[in-house]
Amino acid sequence: MTPLQALQKYFGYSNFRHSQEAIIKRVLDKKDVMVLMPTGGGKSLCYQLPAVLLNGITIVISPLIALMKDQVDSLNLSGIPAAFLNSSQNPEEQKDIAVQLKNNELRLLYIAPERLFGKDDRLMTFLRTLNIVQIAIDEAHCISQWGHDFRPEYLMLAGLKNEFPGVPVIALTATADKLTQKDILDKLNLHEPAVFISSFNRENITYRVHQKTKSFDQLLNFLSERKEDSGIIYCLSRKSTEALAADLKDEGYAAEAYHAGLNNEVKAHNQEAFLKDEVKIMVATIAFGMGINKSNVRFVVHVDLPKNIEGYYQETGRAGRDGLPSDALLLYSPGDAIKLKSFAMVDNNAEQSAIMLKKLDDMVDYCQLHACRRQYLMHYFDEPFPDNCGSCDFCLSEFVKFDGTLIAQKALSAVARLKERFGSAYVIDFLRGSKREKIWEEHKQLKTYGAGADISRADWMRYFRELIAMGYFKLSDDGYSALKLTTKSEAVLKGLEKVELIAAQTIEEKEQEEVSFDAGLMNQLRKQRQEIAISENLPAYIILSDATLLEIATYLPQKMDELRLISGFGDVKLAKYGREFLAVINTYSKENGLVSKIDQKAKKRTSKTKSKKPARTSDTFKATFTLYKEGKTVTEIALERGLSPTTIEGHLNNFVQTGELDVSEIVAQEKIPAIKDAVESYGNDKLSPLKEILGDDYSYGEIKAVIAWMNYKQKAES
Ligand code: ADP
Ligand code: ZN
């Protein structure tokens, strides 16, 4: 059997993702590998597939008992015999597994590292007698002190290579942090490892940061649009997880709390309930989540500021493992940053404190960012990325800008008059001419006192934030956050430079999902899945993922042969559950007069239903198009509409994609073939490599336009 055939047969997928195929080939050649792939990227398959093809036993080292059970259940359901050994089992069960191992009846054995090198050498002695063909080290970053999850037992794993010299070792992690990556390689003692690094971009996650005002109301507002969805809400303190979970329960949400201070029984119970969708929302400290493999987490909310980007990215990464569109929302207040500063100080370790503070600063920068959030994240992890992802709050927003030079001048001169010694709260009171005692008498004599009384406090606060973000002010780092002028401020004060501010009524465009699936059928499929899950006592997402159900509800397969084409149905699952699901689909289709659309699914594609860009034909697009037809250039339209040129290009591409605008209007005819060629050879998943190949003569805008045109052609031809 080839790897591709095994992928079909056991996992029900027809294409490899990322570098899965190359990684698998390497393992089959008995070579060591290190795999760096984001959460949800498909790491497990990199050792599970060789495990199926190699005639022997694969040992999987994994730090978490909960995760092991999940993986083993899932493998067994797909017809791959696997087991785990851990402290939750009684001697009888363990013996049973030993017998199966001896008889070569298992393909994968999951073990916790501390078991492997326990006090007596019994397990190791036993393993030596078996036909071990592969060793997988999951969550390999646990070996590094630099990582966020250091586990001393992992250091022992360096010894594995001596124990089993000829057996390929595959180390896997989702950590994007370069220092940790290097450390893993240093410590693991691999033999000439090939390192596979995938892009860490999680394209199905939409990143948003909102100013924290009334966090509970903001949260309820967010949740009200996600009533059926499962999600995680991260809080800083244990106490607030419990309080918030209780408040959400009062509002009718199935929420529970999780933190390290709860007793083990409660923790296990809450976690289990979450996996089984009995609890929809887990309100947790960061103690929750590592190894949580639940694929249908639709959102992750941070109600408090995370301490660093690494943690934030890891936590948000728990959303959308199944590849379906998911949300990450962070509620930011500058006060949180000040609170965290004191936590970041490590006693008697100035060097460490400085690192922590720098990381916190980066986190704050991210929150105050006035540019694409995804680009910031990718650059943070040293990955090139274009400046418009199209799916973060910044890229989805249209900002109405106005000339705020006068406002900026007032703010700057107030700060200058106050000798750069006060924070924004005082400066705003001063500008608004507050009569409060707090304002020094001598300040009330100054000319700028009350010069900004016509602007509300809230608006002033926003303007100051923007001015800081644009570099017209910086904050003192003595703990008082006094506003200081910068070299940029001078030009504005002298009237040499204009400042653009964002008007209050800035709106975020709602991303409407393309409703191409049948919601009624989706509900019925979920019900069917839940029934099976309960009767088998397994989490629903292990039976079939949401992505698989969504495909069914989209293509309405009516026969076994058609169902086979749905991503996620391997042979065993098809035989086991195919008929039950077909019955649901047939009945529903008959009642609603629906027929199979499986033909539209030309070829079985990966389950990663690309987060589809909504077909946006709102008025704003039309407005751009009208101006374009009047003969205006992109730059002129951008100026006239107060939008960025990138946004305007995006609007126009929309019309290229529908065929209403010819691509040659946007891209010079002679440039098109080269772009088309590059897209055909390298795909259109990522723009930055295309840009790199094409060079400086080709802009991102031109590349995007050609992609839009190719999409149009493809649709027109099919
Ligand atoms: P990771 O361990 O990297 O976080 P997983 O191994 O849990 O990710 O995989 C995430 C999801 O993607 C799983 O539901 C898995 O079955 C699915 N998956 C993995 N490889 C493929 C593939 N080639 N095609 C489609 N889906 C895949
Ligand atoms: Zn963006």
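Each label point is 7 Å from the Cα along the Cα-to-Cβ direction; what then is the distance between the points at residue 575 and residue 478, in nm? Going from the residue 575 label point to the residue 478 one covers 7.6 nm. Centre-to-centre, using Cα atoms only, the stretch 656-698 and the stretch 233-300 are separated by 45 Å.
Counting heavy atoms of the protein chains alone, residue 250 has an accessible area of about 130 Å² for a 1.4 Å probe.
Radius of gyration over Kirkwood radius for the stretch 519-599, both on Cα atoms: the Rg/Rh ratio is 0.93. For the chain, carbon and sulfur atoms together expose 51% of the accessible surface, with a 1.4 angstrom probe and every protein chain in place. When shorter helices are ignored and each DSSP H run of at least 4 residues is given -39500 (n - 2.57), the per-residue value for the chain at 222 nm works out to -13500 deg cm²/dmol. Amide H contacts of residue 597: 556, each under 5 Å away and 5 or more positions distant or on a separate chain (H built 1.01 Å from N in the peptide plane; Pro and chain starts excluded).
Here, the chain has an Rg and a Dmax of 28.2, 92 Å when only alpha carbons are counted.
Estimated at 0.36 nm per residue, the fully extended path between residue 490 and residue 664 surpasses their Cα-Cα distance by 58.2 nm.
What Kirkwood Rh does the stretch 7-100 have if only Cα atoms enter the pairwise 1/r average? Answer in Å. The partial results should precede the final answer.
Working: mean 1/r = 0.0682 Å⁻¹.
14.7 Å is the Kirkwood radius here.
Entry comment: accessible area of the chain is 47 Å² per residue, from protein heavy atoms only and a probe of 1.4 Å. Report the residues of the stretch 409-429 in range of a label on residue 338: point 7 Å along Cα→C-beta, backbone N strictly under 13 Å from it. Counting only backbone N, you get 422-427.
Report relative contact order for the stretch 366-494 in percent, whole number only (criteria: Cα-Cα under 8 Å, sequence separation at least 6). Here the relative contact order equals 23 percent. A Förster radius of 45 Å, combined with the Cβ-Cβ distance separating residue 355 from residue 458, puts the computed FRET efficiency at roughly 0.80. Taking every alpha-carbon pair under 8 Å whose residues sit at least 6 apart, the chain reaches a relative contact order of 12 percent.
Just to verify a number: FRET efficiency for residue 121 and residue 158, C-beta to C-beta distance, R0 = 22 Å, to 0.05? For R0 = 22 Å, the calculated efficiency reads 0.85. 3J(HN,Hα) along the stretch 81-88: x, 8, 8, 10, 10, 7, 5, 7 Hz, from the Karplus curve 6.51 cos²θ - 1.76 cosθ + 1.60 with θ = phi - 60°, whole Hz, x for Gly and Pro. For the stretch 232-240, the Karplus equation 6.51 cos²θ - 1.76 cosθ + 1.60, evaluated at θ = phi - 60°, returns couplings of 10, 10, 9, 10, 6, 10, 4, 4, 5 Hz by residue, with Gly and Pro reported as x. Exposure check, 1.4 Å probe, all protein chains in place: residue 25 carries approximately 120 Å² of accessible surface.
If you take all other residues with their beta carbon under 14 Å from the beta carbon of residue 236, and give Lys and Arg +1 and Asp and Glu -1, the sum is +2. Treating the angle as unsigned and between 0 and 90°, give the value, to the nearest 10°, between the Cα long axis of helix 619-629 and the longest Cα principal axis of the chain. The helix 619-629 is inclined about 70 degrees to the chain.
Report the extension gain between residue 419 and residue 592 in nm, rounded to one decimal, defined as 0.36 nm multiplied by the number of residues separating them, less their alpha carbon distance.
Between residue 419 and residue 592, full extension yields an extra 55.0 nm.
What is the distance in Å between the Cα centroid of the stretch 95-122 and that of the stretch 1-71? About 20 Å separates the Cα centre of the stretch 95-122 from the one of the stretch 1-71.
Separation of the stretch 313-327 and the stretch 166-209, taken as the distance between their Cα centroids, equals 18 angstrom.
Phi angles across the stretch 493-499 convert, under the Karplus curve 6.51 cos²θ - 1.76 cosθ + 1.60 with θ = phi - 60°, into 3J(HN,Hα) values of 4, 7, x, 8, 9, 8, 10 Hz, Gly and Pro given as x. For the stretch 617-717, state what percent of all Cα-Cα pairs lands in each successive 10 Å bin, counting from 0 Å until the bin that includes the largest distance. So the P(r) values, bin by bin, are 15, 48, 31, 6. Size of the stretch 399-505 from its Cα atoms: along the principal axes, largest to smallest, the extents are 37, 29, 26 Å. In terms of packing, defined here as the mean over residues of other Cβ atoms within 10 angstrom, the peptides 263-275, 234-246 line up highest first as 234-246, 263-275. For residue 99 and residue 347, the difference between the fully extended length at 0.36 nm per residue and the C-alpha to C-alpha distance is 84.0 nm.
In what sequence, highest mean first, do 97-105, 3-11, 299-307 appear when ranked by Cβ atoms within 10 angstrom? All intermediate terms of the calculation are to be shown ahead of the outcome.
Values: 97-105: 13.2, 3-11: 18.3, 299-307: 23.1.
Averaged packing, sorted descending, gives the order 299-307, 3-11, 97-105.
Database remark: amide H of residue 499 closer than 5 angstrom to the amide H of 404, 405 (H placed geometrically; neighbours at sequence offset of 5 or more, or on other chains; Pro and chain starts carry no H).
The values are calculated or read from the model by the stated rules, or taken from the named source; none is laboratory data. Because the structure is predicted, anything quoted here is derived from the model rather than measured. When we count neighbours, we look across all protein chains shown, and the Cβ atoms used for this are built from the backbone with ideal geometry, even at glycine. Surface areas here come from the heavy atoms of the whole protein model, side chains and all, with no ligands, DNA or RNA. Shrake-Rupley method; radii C 1.70, N 1.55, O 1.52, S 1.80 Å.
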